[in-house]
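If you scroll down you'll find the structure; I have some questions about it.
The values are calculated or read from the model by the stated rules, or taken from the named source; none is laboratory data. All of these numbers come straight from a predicted model, not from anything done at the bench. As a convention, Cβ positions derive from the backbone with ideal geometry for all residues, glycine included, and neighbour counts pool all protein chains shown.
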Amino acid sequence: MDFTLIRAKRKTLCIQVKNGEVIVKAPLRASKKSILAFVDSHKDWIEKQKKKEEEEQKAAAALPALTQEELSALTTAAKEYFPPVVRRYAALMNEEYGKITIRCQKSRWGSCSTKKNLSFNCLLMLTPEEVRESVAVHELCHLKEMNHSRRFYEEVYRFCPEYDRLNRWLKENGPLLIKRVYPQ
């Protein structure tokens, strides 16, 4: 099986499949033999990932690309939607936040800065409302914990008990939404 090998200062081997290409990241001192054995032991997973990627590309090709007008409408809708949701949850959490910005991003659904500013992806307006709320809760919880520690997730689950299910929905369906704007 063909793959691209990237050696780096790391402790473990990992495999990624991106655009049909298999990428193996390995510790600097890993032997070629151990790397090949690792890849061989993950052949089924690699094939499954390639097939999944192909299916996602076919599904994305079947969806029309979003026009500038549609993106503008999504941004406007998000600017109306998120402030009251954030205000409501911030009050429940007894937290204060800074600005709320809306962007169309390739790899993030939301973010929270150290200045307490929140940002949300306008493409969230294409998701179910409960998914949007879970992202708002996630970002607001960063006001208490600027990490993804156990304490952080305890806060998330406190305000969004269904977080795992909603996050899984976003991981499964989100890439198709993003490909409507960023095809590659």
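So which residues in region 136-161 are out of contact with any helix residue (DSSP H, G or I) (no Cβ under 7 Å at 6 or more places or on another chain) and not aliphatic (A, V, I, L, M)?
Glu139, His142, Asn147, His148, Ser149, Arg150, Arg151, Tyr153, Glu154, Arg158, Pro161
What are the pairs, 6+ residues apart or on separate chains, where a residue within region 22-35 that is in a loop (DSSP other than H, G, I, E, B) has its Cβ under 6 Å from a residue that is surrounded by fewer than 17 Cβ atoms within 10 Å (Cβ to Cβ)?
Cβ pairs passing all conditions: Leu28/Arg7.
Given the criteria surrounded by 14 or more Cβ atoms within 10 Å (Cβ to Cβ) and among the β-branched types (Val, Ile, Thr), does Ile46 qualify?
yes
Can you pull out the residues in region 106-122 that are surrounded by fewer than 18 Cβ atoms within 10 Å (Cβ to Cβ) and out of contact with any Gly (no Cβ under 6 Å at 6 or more places or on another chain)?
Answer for region 106-122, where residues must be surrounded by fewer than 18 Cβ atoms within 10 Å (Cβ to Cβ) and out of contact with any Gly (no Cβ under 6 Å at 6 or more places or on another chain): Lys106, Ser107, Arg108, Ser111, Ser113, Thr114.
Hey, any hits in region 144-151 for a residue that's over 17 Å from Gly174 (Cβ atoms) and assigned to a helix (DSSP H, G or I)?
Yes, region 144-151 has at least one match.
Further question on the same structure: What residue, of Lys99, Lys171, Lys106, Lys116, is modelled with pLDDT of 95 or more, basic (Lys, Arg), over 18 Å from Ala77 (Cα atoms) and assigned by TED's automatic domain parsing to the domain that holds Thr75?
Lys116
Rundown of residues vs (1) among the hydrophobic types (A, V, I, L, M, F, W, C); (2) more than 29 Å from Glu55 (Cβ to Cβ), yes/no style:
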{"residue": "Cys141", "(1), (2)": "yes, yes"}
{"residue": "Glu145", "(1), (2)": "no, yes"}
{"residue": "Tyr153", "(1), (2)": "no, yes"}
{"residue": "Glu162", "(1), (2)": "no, no"}
{"residue": "Asn173", "(1), (2)": "no, no"}
{"residue": "Leu177", "(1), (2)": "yes, no"}
{"residue": "Arg180", "(1), (2)": "no, no"}
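In region 85-128, which residues are within 20 Å of Gly174 (Cα to Cα) and aromatic (Phe, Trp, Tyr)?
Trp109, Phe120 - these are the residues of region 85-128 that are within 20 Å of Gly174 (Cα to Cα) and aromatic (Phe, Trp, Tyr).
Applying the selection to region 56-77, what residues are of a type in the set (D, E, K, R) and under 19 Å from the mean Cα position of the chain (by Cα)?
Filtering region 56-77 down to residues of a type in the set (D, E, K, R) leaves 56, 58, 69-70.
Glu56, the sole residue that qualifies.
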